[in-house]
Each structure stands twice: as C-alpha cells, then as structure tokens.
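Worksheet: the structure to be examined is printed underneath.
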Amino acid sequence: MKLQKRQQIMVGLCVIGVAAVVIDRWPEKSPVFTPRAASAAVSEPPAAVPQAMPERQSTTIARRLEQISGLAAPASGALRDVFQPGAPWVVETPASPAEAPKPQAAPDTRSEDFIKAHTLQAILSIGGEWNAVIDFKYLKVGDTCWGGYRVEEITPQAVILANGAVKVKLELQK
C-alpha cells in the first residue's frame, strides 16, 4: 500500500508527537535531576514576616454605599422615588364631572401660518374685474388655492381668502 504525500506528513507528525511524549516521560537515572540530589543554600536570613496582617478594606458595594451616604445629607424633598411616574405622566381625574376642567381650545394659528407662507405680489384690474397674483399664481374671486382657501374679495390694496370660518387678509407690501 502506497501512502499519499499528505498521509505521509500526517504519519510523520504523529511519530514526532509520540517520540516527544516518550522522551518527556522517560525516567532519568542521573542523580542531578532527582529530588534527593537537589539542595539549596541560604545566603541570608529571610525577611521578617509580620505577625499580624493589616485588615483589608472592604470593597463590597454595601460598604461603599454606606460610606457615600454619610458624606452629605441631601436637602429635604430633593430625593424622589424614581419608580413613581412624574407629574406630566399622571393625570388626576376629578371626583365628579362637574369638577372636571373645561378643555381650553388651542389658539387657531392657521391664518397666521398662511400669511407667513404666502406673499401677495400684485393686484390687477382688467376690464373692471380685480385679479391677484399670490406666489406667482394668478387668481380671481371664487378661485380656490392652497389648503382649500377660496378667494372671497379683492380690493386695490388686499386680498381676503377664507377656509370655512378662518379668514385671511393678505396685503400688498409697500
């Protein structure tokens, strides 16, 4: 039976490993390496050994927390229970519906937002009919534009737009 090159290498490595173990475990007959032949000479006396070891400081978490807690006492009311939700998370409900606070309506800023977002650029009178140019868009009375706003009225100085109950007045800039 002929071994391939790879198999020959593996057999060689195994032989080397077995030989190393045998050499390592082989008992020596030489007196130099035996425990009975070994000796040691003391050239100076050993250093003095302390009789009592100093007490080691405790590094437990409980001990550290005790030390920290004694450093400074917090002001009364400064600590709160971190597991209780804060005031913004808790809504107290009244005992009866009569005591319930009336919800306040948020101020309607739609007209202010519309005025900030759009610019009246020109007002034109063509054939007795007033027309307006808002953000490069040509509009006349009755036209509907951004956000459902409808042109209600055009005067020589302003345009009035309405979206339901919300009315906006855009004026020409001087």
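None of the figures in this text is laboratory data; all of them are computed from the coordinates on show. Keep in mind it's a predicted model, so treat the numbers as computed, not measured. Backbone-built Cβ (ideal geometry, glycine too); neighbour counts: all protein chains shown.
Quick one: which of 126-139, 160-173 comes out on top by average Cβ neighbours within 10 Å, and what's the full order, highest first?
160-173, 126-139
Just need the Rg to Rh number for segment 111-171, please, alpha carbons only, Kirkwood Rh.
Radius of gyration relative to Kirkwood radius: 0.93.
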